[in-house]
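Quick notes on the structure that follows.
The values are calculated or read from the model by the stated rules, or taken from the named source; none is laboratory data. Note that this is a predicted model, so its numbers are computed, not measured. Positions of Cβ are generated from backbone atoms using ideal geometry, with glycine treated the same way; all protein chains shown enter the neighbour counts. When the accessible area is computed, the model is the full protein with side chains, heavy atoms only, and any ligands, DNA or RNA have been set aside. Shrake-Rupley method; radii C 1.70, N 1.55, O 1.52, S 1.80 Å.
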Amino acid sequence: MLKNFLSLTYILLSVNLASAADLPRDNDYDYEPPVPGSYSLPVVKAAADGAIFDSNGKSLNLHDLTRGRITILSFIYTRCAAMKACPYTAGVLNQLHLLSVDDPTLAKNMRLVSMSFDPDYDTPQRLAAYSEKFLEEKSGCEWRFATAKSRAELESILVAYGQAVDKRANASDPQGPLYHILRVFLIDREGRIRNIYSSGTLDPRLVVADVKTLLLEEARLSKQ
């Protein structure tokens with residue numbers, strides 16, 4: 001069954017490899033993205049687990065959202081107004097989601113996860129309201145919104161992913177009360193981190209190329 005699925009994936013990839021190429025260049029990413037499969041992505045480390053709630057208030061483990069599909073995991077908080085941080089990350093994930101609407105390969109094999117590190121404010125109800133801004137398209141890939149169950153659980157997750165978060169000196173700062181470095185994680189189907197994007201590399205064209213590179217890797221390994 002898995003072999004047939006991966007063979008189908010390989011066929012779909014051959015049709016849709018350039019699906020992100022139509023995205024325009026901008027001043028930050030004025031380059032040609034790499035061709036999927038023309039490079040490899042080494043395993044960085046295993047993606048950490050933790051107890052979380054999703055935007056429906058359902059209790060689950062982070063591993064439930066980082067296995068079974070190729071996952072793009074971002075750490076955000078909804079009060080963030082720093083344009084090159086959470087709003088930018090959400091915008092990139094939204095582009096990926098919109099691309100997946102017309103790309104069956106992405107829709108079936110990719111998952112987006114927006115994980116809040118502000119659980120006191122970002123309740124499941126607030127995350128559900130926040131997600132409505134981005135999920136007007138009901139088709140496309142899975143996109144989940146979640147937060148940690150407790151401060152202690154949150155800290156262990158942040159430490160495991162190397163995601164630093166600090167309180168700003170001014171809680172009323174117009175950019176939001178928390179400061180953090182943008183880090184977005186590419187996680188393969190087996191729950192292993194394969195790339196970490198920063199504000200300088202979070203280009204949706206590169207992310208799509210990386211996702212399809214991992215799918216091609218799966219198809220190749222299935223034939224061995």
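A few notes on this one:
- The set of residues in region 134-157 being touching a residue at least 40 places away in the same chain (Cβ under 8 Å) and farther than 18 Å from residue 60 by Cβ consists of 134, 137, 140, 141.
- Residue match in region 133-146 (condition: open to solvent by 60 Å² or more (accessible area, probe 1.4 Å), over 17 Å from residue 75 (Cβ atoms) and within 15 Å of the chain's Cα centre (by Cα)): no
- Some residue of region 182-194 being in a strand (DSSP E or B), of a type in the set (Val, Ile, Thr), closer than 20 Å to residue 53 by Cβ and open to solvent by less than 10 Å² (accessible area, probe 1.4 Å): yes
- Scope region 124-169; condition assigned to a loop (DSSP other than H, G, I, E, B) and of a type outside the set (A, V, I, L, M, F, W, C); matching residues: 132, 133, 136, 137, 138, 139, 140, 149, 150, 162, 163, 168
- The C-beta contact set for region 66-88 (first residue among the basic types (Lys, Arg), second residue outside any strand (DSSP E or B), distance under 6 angstrom, 6+ apart or interchain) comprises 67/191; 69/109; 79/176; 84/199.
- Taking the numbered list (1) open to solvent by less than 30 Å² (accessible area, probe 1.4 Å); (2) of a type outside the set (A, V, I, L, M); (3) closer than 17 Å to residue 64 by Cα; (4) in contact with a Phe, Trp or Tyr (Cβ under 8 Å, 6 or more places away or on another chain) in turn, residue 130 passes all entries but (3).
- Against the list (1) modelled with pLDDT under 95; (2) within 14 Å of the chain's Cα centre (by Cα); (3) not in a helix (DSSP H, G or I), the condition residue 98 fails is (3).
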